[in-house]
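Data first, discussion second: the structure below is written as structure tokens.
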Ligand SMILES: Cc1cc2nc3c(=O)[nH]c(=O)nc-3n(C[C@H](O)[C@H](O)[C@H](O)COP(=O)(O)OP(=O)(O)OC[C@H]3O[C@@H](n4cnc5c(N)ncnc54)[C@H](O)[C@@H]3O)c2cc1C
């Protein structure tokens, strides 16, 4: 008989795991929102999946998404100075999680994965732990369900470093070549412009990262779509003229009434396993590895850790699932979790001088510009540029 695994949560992590594990194990996913609620609900992320994540999606036969014009470049601007457009080695893609999650859930169900609609509370968690061979907590930033120990040296912040302000818009002429635009306004915040696919067609995501209390922190109390759109127009006019010039004054609007979001994340990294009632419980994704979205790594890290957990479970397929499995999984994931986290935390602070220098060199040298673009697809390179170079 196959071992029984329960995944709690049907976000990026839970879904990547379900696809990875479903052939070798008997998988049940418990989720707090139905596919239709997710489809008709609010946007949740900006979700750029870089090349290695798309490779994993293909490895685990996840649905493929058609986009004739995927993300191929990263545009970098500091202040009002456009520095360069760096080319990515492989195309990246942003598919609205409302579409991605609801589609994957239905697809998995048709392939034999069991789904239970239920918000797991403490009592239910105990029942689930008793019943299954392994429970994996994929409850995202609203989790975790158990006190996975905090890794203090990777969790330096007590409060969010940014307010995340996201709108999915139509009526903006895309930048050329198609890519993610990053504009850094030192000591104020950042703007990310991201082309994405949604159920309503292609959109441009405008994603403001405002340092709390500074000039971009202008959306407090805004709850209605029209008010949000007006404020974005005013902010782009004042702070991001390059984007404002591409806005079509008549056609500019949110893709739908639920196409905007405001959230602030306090990053926390936890050791991703505990024992509860003598049984191993594992955490994966944001529930245990929660970073600020500033580097766009959350989905990519979640997918990476889901694959590492899959490999660990295959390695221990015929053994007892105890802390040794938990430790194996943590040893596999920790080096990359550390690199992503340290780089991401550094990006929320003033850029070090040697990094500014590297960006300026990118303006003169296309090979260097392409290397910087690749930081986002391969955060180990970014970590090296921020830290190893700094120490030499
Ligand atoms: C504004 C913003 C922009 C971002 N942009 C990017 C980006 O460009 N690229 C990138 O890689 N990452 C990005 N991220 C991060 C990325 O979205 C997350 O890291 C990723 O979605 C985490 O996936 P997850 O499955 O761990 O958590 P989630 O996607 O949050 O999923 C958790 C699931 O668990 C369910 N759940 C929670 N509690 C319970 C319970 N008690 N019982 C049952 N179910 C429960 C929830 O309903 C949800 O479905 C961004 C995040 C934000 C906030």
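Looking at (1) touching a residue at least 60 places away in the same chain (Cβ under 8 Å); (2) within 21 Å of residue 307 (Cα to Cα), which is the one condition that is false for residue 107?
(1)
What about residue 235, is it touching a residue at least 12 places away in the same chain (Cβ under 8 Å), over 24 Å from the mean Cα position of the chain (by Cα) and either crowded, with 18+ Cβ neighbours inside 10 Å or under 27 Å from residue 141 (Cα atoms) (or both)? Write out each step before concluding.
Numbers: touching a residue at least 12 places away in the same chain (Cβ under 8 Å): yes; over 24 Å from the mean Cα position of the chain (by Cα): yes; either crowded, with 18+ Cβ neighbours inside 10 Å or under 27 Å from residue 141 (Cα atoms) (or both): yes.
So residue 235 fits the description; yes.
Of all the residues that make up the stretch 55-81, how many are closer than 22 Å to residue 357 by Cβ and touching a strand residue (DSSP E or B) at 6+ places or on another chain (Cβ under 7 Å)?
The first filter runs over the stretch 55-81 and keeps only residues closer than 22 Å to residue 357 by Cβ, leaving 73-81.
Subsequent filtering for residues that are touching a strand residue (DSSP E or B) at 6+ places or on another chain (Cβ under 7 Å) retains 73-79.
Residues flagged as closer than 22 Å to residue 357 by Cβ and touching a strand residue (DSSP E or B) at 6+ places or on another chain (Cβ under 7 Å) within the stretch 55-81 amount to 7.
Residue check: is residue 380 assigned to a helix (DSSP H, G or I), surrounded by fewer than 16 Cβ atoms within 10 Å (Cβ to Cβ) and within 22 Å of the chain's Cα centre (by Cα)?
Details: assigned to a helix (DSSP H, G or I): yes; surrounded by fewer than 16 Cβ atoms within 10 Å (Cβ to Cβ): yes; within 22 Å of the chain's Cα centre (by Cα): yes.
When the stated conditions are applied, residue 380 passes them.
Which ones in the stretch 1-50 are within 11 Å of the ligand (Cβ to nearest atom), part of a helix (DSSP H, G or I) and surrounded by fewer than 17 Cβ atoms within 10 Å (Cβ to Cβ)?
Correct list: 37 only.
List the number of the failed condition for residue 249; all other conditions in (1) outside the structural domain of residue 40 (by TED's automatic domain parsing); (2) more than 21 Å from the chain's Cα centre (by Cα); (3) modelled with pLDDT of 95 or more hold.
(3)
For residues that are within 14 Å of the ligand (Cβ to nearest atom) and part of a strand (DSSP E or B), scanning just the stretch 128-137, find the one that is surrounded by the most Cβ atoms within 10 Å (Cβ to Cβ).
136
Restricting attention to the stretch 100-116, and to residues there that are out of contact with any strand residue (DSSP E or B) (no Cβ under 6 Å at 6 or more places or on another chain) and surrounded by fewer than 19 Cβ atoms within 10 Å (Cβ to Cβ), which single residue is farthest from residue 168 (Cα to Cα)?
Of the residues in the stretch 100-116, the ones out of contact with any strand residue (DSSP E or B) (no Cβ under 6 Å at 6 or more places or on another chain) are 100-108, 110-112.
Now drop any that are not surrounded by fewer than 19 Cβ atoms within 10 Å (Cβ to Cβ), which leaves 106-107, 110-112.
Numbers: 106: 24, 107: 25, 110: 30, 111: 32, 112: 34 Å.
Per the stated criteria, the residue is 112.
Just to check your reading of the model, which residue among 195, 174, 212 is crowded, with 18+ Cβ neighbours inside 10 Å and touching a residue at least 24 places away in the same chain (Cβ under 8 Å)? Talk me through it step by step, then tell me what you get.
Details: 174 fails: crowded, with 18+ Cβ neighbours inside 10 Å; 212 fails: crowded, with 18+ Cβ neighbours inside 10 Å.
Unique residue meeting the criteria: 195.
Among residues belonging to the stretch 350-364 that are outside any loop (DSSP other than H, G, I, E, B) and free of Cβ contacts under 8 Å to residues at least 24 places away in the same chain, point out the one that is nearest to residue 87 (Cα to Cα). Show your work before the answer.
Looking only at the stretch 350-364, we keep the residues that are outside any loop (DSSP other than H, G, I, E, B), and these are 353-362.
So of that shortlist, the ones also free of Cβ contacts under 8 Å to residues at least 24 places away in the same chain come out as 353, 357, 361.
Values: 353: 23, 357: 19, 361: 15 Å.
Among those residues, the one meeting the criterion is 361.
Wholly within the stretch 138-255, which strands (runs of 3 or more DSSP E) include no fewer than the required count, namely at least 3 residues that are out of contact with any helix residue (DSSP H, G or I) (no Cβ under 9 Å at 6 or more places or on another chain)?
Working: elements: 163-170, 179-185, 189-198, 201-210.
The qualifying strands (runs of 3 or more DSSP E) are 163-170, 189-198, 201-210.
Any idea how many residues of the stretch 295-340 are part of a loop (DSSP other than H, G, I, E, B) and touching a residue at least 24 places away in the same chain (Cβ under 8 Å)?
Residues of the stretch 295-340 part of a loop (DSSP other than H, G, I, E, B): 296-297, 316-322.
Next, only the ones that are touching a residue at least 24 places away in the same chain (Cβ under 8 Å) stay: 296-297, 317, 321-322.
Here the count works out to 5.
Select, from 264, 253, the only residue that is surrounded by fewer than 19 Cβ atoms within 10 Å (Cβ to Cβ) and more than 16 Å from the ligand (Cβ to nearest atom). Give the derivation first.
Details: 264 fails: more than 16 Å from the ligand (Cβ to nearest atom).
After ruling out the rest, the residue left standing is 253.
From the list 154, 145, 125, pick out the single residue that is surrounded by 21 or more Cβ atoms within 10 Å (Cβ to Cβ) and closer than 25 Å to residue 325 by Cα.
Details: 154 fails: surrounded by 21 or more Cβ atoms within 10 Å (Cβ to Cβ); 125 fails: surrounded by 21 or more Cβ atoms within 10 Å (Cβ to Cβ).
Going through 154, 145, 125 in turn, just one is surrounded by 21 or more Cβ atoms within 10 Å (Cβ to Cβ) and closer than 25 Å to residue 325 by Cα: 145.
Here is a check on your reading of the model: is residue 280 under 22 Å from the mean Cα position of the chain (by Cα), more than 24 Å from residue 78 (Cα to Cα) and not in a helix (DSSP H, G or I)?
Working: under 22 Å from the mean Cα position of the chain (by Cα): no; more than 24 Å from residue 78 (Cα to Cα): yes; not in a helix (DSSP H, G or I): yes.
In short, no.
The values are calculated or read from the model by the stated rules, or taken from the named source; none is laboratory data. Keep in mind it's a predicted model, so treat the numbers as computed, not measured. Glycine gets a Cβ as well: all are built from the backbone with ideal geometry, and neighbour counts include every protein chain shown.
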